[in-house]
Amino acid sequence: MTDGRRQAFIGSFTAAGGPGIVTVSVAPDDGALTVLGTLNDLPDPSCLTLSPDGRTLYAVSETAEGAVAAYRVPGAGAGDVPEPVGSPVTVHGDGPTHLCVFAGHVLTANYGSGSVTAVPVRTDGGLGRSASGVFRHTGSGPHPQRQQGPHAHQVLPDPSGRWAVGVDLGTDSVRVYTLADGAPAQHREVALRPGSGPRHLAFHPDGARAYVLNELSPTLVVCHWDAAEGALRPLTEIPVLPGPPAGDAYPSGVAVSPDGRFVWTATRGEDVLSVLAVEGNTDRTAGAAGMAGTAGLRLTATVPCGGHWPRALTESRGFLYVANERSGDVTWFAVDPDTGVPRRGGAIPVAAASCVVVD
C-alpha cells in the first residue's frame with residue numbers, strides 16, 4: 001500500500017460458499033476495509049497467519065485431509081492476491097483450525113485428530129516438502145458430545161519466543177511445547193476446570209499474564225505465565241457475559257489491547273463483544289506472588305458484534321475486526337481509548353468468514 005493503507009487477509013470456509021482467501025486494504029484513519037481480490041485455490045482456508053517479516057502468508061486447509069499452504073504477500077503494484085509458493089503440505093491431522101510460526105516452523109493445531117504438527121519453513125518463506133513431526137494428544141473431558149477425545153484448537157508462540165502453547169478443547173488443558181529435531185515435544189500440560197472446553201488463549205503485553213477463553217462455558221481464565229519455566233498457572237475464572245445466556249453461547253475469540261488495559265472476547269449465539277477492564281499490576285517484574293493478588297478483570301460492557309456467529313476477533317492499531325461466519329460479513333469497530341468500548345464502523349460481505357489477519 002502506498003497511501004498509508006495496510007493489507008489484511010480474510011479466511012473463509014469454501015465448503016459453505018466462502019470465497020477462499022480475500023485480500024483487503026485497511027484505511028489508516030477509520031480502519032475501513034476495501035476488498036482488493038480473492039484467491040480460491042485451497043479448500044477451507046479457515047485460519048491464516050503472517051510470517052514475522054510480513055512477507056509470507058500461511059493458511060490451513062481445515063479438511064479431513066488437513067494441509068497448510070504458503071503464499072507470497074503482494075507488494076505495492078504486484079497484484080491484489082497472494083501468490084502460492086509451492087504446493088500445500090499435508091499435516092497428517094484432521095481439521096487443522098489454527099496455526100503459527102515458531103522456531104523456523106509452521107505449527108498447526110489439528111482439531112479433529114487432537115494433534116499438533118510442525119512443518120519446516122525454508123529461508124524464502126516457503127514450506128518444506130513434508131511435516132517434520134506430529135505430537136498427538138491423549139485424554140478426554142466430561143462433555144458427552146464435544147469431549148470424547150482430544151481437540152487441539154489453537155497453537156501460538158509465547159511472548160518470549162521460547163515456547164509454543166497449545167489449547168485443547170477436548171481435554172480441558174493447555175499444553176506447552178518445545179521443538180526437538182523439528183518435532184513438537186510436550187514440556188508440560190496444565191489442567192483447567194473439567195468441562196470448560198478451552199478454545200483460545202491470548203497473552204498480556206506484560207508477558208506475565210495469559211487469558212484462556214472457554215467455549216463450552218462463557219468464561220475466561222486468568223493465568224500467570226512464567227516464561228523462564230514455561231509454566232502456566234490458572235488464577236481465577238470469570239464470566240464474559242453479564243448474566244445467563246438466553247440460548248446458545250459459545251465464546252470464540254479473545255484479544256488484548258496493546259497497552260494491556262482491556263481484554264475483548266466474542267461470543268457466538270449471543271453475538272456480542274465483551275469488554276473487560278484489566279485491574280491490578282501490569283509490571284513485568286511482578287512475578288507469581290504479585291500476580292496472584294492483582295490478576296483481576298472486570299466486565300464493563302457488551303456490544304453487538306455487527307453480525308451473526310462471530311467466529312474470530314482481531315485487534316489492530318485501535319480497531320477490532322470480527323469475522324461473522326453465519327451472516328457472511330466482516331465488521332470493523334473503532335475502540336474508545338478511555339473505556340475500551342468498540343463502536344461499529346462498517347462491514348464488508350464475505351461469505352462464511354472465519355478469520356482476519358492484519359499486517
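Annotations for the structure displayed:
- Under Karplus coefficients 6.51, -1.76 and 1.60, residue-wise ³J(HN,Hα) of the range 273-278 in Hz, glycine/proline x: 9, 10, 10, 10, 7, 7
- In this structure F203 has an accessible area near 30 Å², from a 1.4 Å probe over the protein heavy atoms.
- Ordering of 48-57, 205-214 by burial proxy (mean other Cβ atoms within 10 Å per residue, highest first): 205-214, 48-57
- Backbone N under 20 Å from the A16 label point (7 Å along Cα→Cβ), restricted to the range 221-262: 247-255
- Cα lying deepest toward the dipole's positive end in the range 105-210, options P144, W163, G195, charges on Cβ: P144
- Accessible area of E65 in the full protein assembly, 1.4 Å probe (Å², nearest 10): 130
- Accessible area of the range 210-359 divided out per residue, in Å², using a probe of 1.4 angstrom: 37
- Remark on S115: its backbone amide H falls under 5 Å from those of N110, H137, A152, a criterion applied only to residues 5 or more positions apart or on other chains, H modelled at 1.01 Å from N.
- For H187, residues with placed amide H under 5 Å, excluding near neighbours: V176, Y177, T178
- Placing pseudo-labels 7 Å out from each Cα toward the beta carbon at D94 and D30 gives an inter-label distance of 4.7 nm.
- Given their separation in residues at 0.36 nm each and the Cα-Cα distance between them, H308 and S140 gain 57.5 nm when the chain is fully extended.
- The protection proxy used here, the mean number of other Cβ atoms lying within 10 Å of each residue, ranks peptides 18-29, 232-243 as follows, highest first: 18-29, 232-243.
- Around T63: net Lys/Arg minus Asp/Glu count, Cβ-Cβ under 9 Å: -4
- Residue-by-residue Karplus 3J(HN,Hα) for the range 132-146, coefficients 6.51, -1.76, 1.60, Hz, glycine and proline x: 9, x, 9, 10, 9, 6, 10, x, 7, x, x, 5, x, 9, 9
- For the chain, the spread of Cα positions along each principal axis, largest first, Å: 52, 46, 41
- For T63, the residues 5 or more places off, or on other chains, whose built amide H falls under 5 Å of its own are G95.
- Once both labels are positioned 7 Å from their Cα atoms along Cα-to-Cβ, the gap between A227 and A246 label points is 4.4 nm.
- Here the Karplus curve 6.51 cos²θ - 1.76 cosθ + 1.60, taken at θ = phi - 60°, turns the phi angles of the range 20-30 into couplings of x, 9, 10, 9, 10, 9, 10, 6, x, 7, 10 Hz, with x standing for Gly and Pro.
- Sorted largest first, the spans of the alpha carbon positions of the range 117-233 along the three principal axes are 42, 34, 21 Å.
- The share of accessible area on the chain that comes from carbon and sulfur is 50 percent, using a 1.4 angstrom probe.
- Convex hull volume per residue for the range 9-117, taking Cα atoms only, in Å³: 111
- Electrostatic bookkeeping for V357 treats Lys and Arg as +1 and Asp and Glu as -1; over the other residues with beta carbon under 12 Å from its beta carbon, the sum is -1.
- With all protein chains kept in place, the per residue accessible area of the range 45-94 amounts to 41 square angstrom at a probe of 1.4 angstrom.
- Placing dummy labels 7 Å off each Cα toward the beta-carbon, the span from D259 to S51 is 3.4 nm.
- Over the residues of the chain, the helix contribution to mean residue ellipticity at 222 nm works out to -500 deg cm²/dmol, using -39500 (n - 2.57) for each DSSP H run of at least 4.
- D41, D181, ranked by accessible area, largest first (probe 1.4 Å): D181, D41
- Label point of D181 set 7 angstrom out along Cα-Cβ; within the range 115-150, amide nitrogens under 20 Å from it belong to 116-121, 128-137.
The values are calculated or read from the model by the stated rules, or taken from the named source; none is laboratory data. All values reported here derive from a predicted model rather than from experimental measurement. Cβ sites come from the backbone with ideal geometry, for glycine too, and all protein chains shown count toward neighbours. For accessibility, only protein heavy atoms count, side chains too; no ligands or nucleic acids. Shrake-Rupley method; radii C 1.70, N 1.55, O 1.52, S 1.80 Å.
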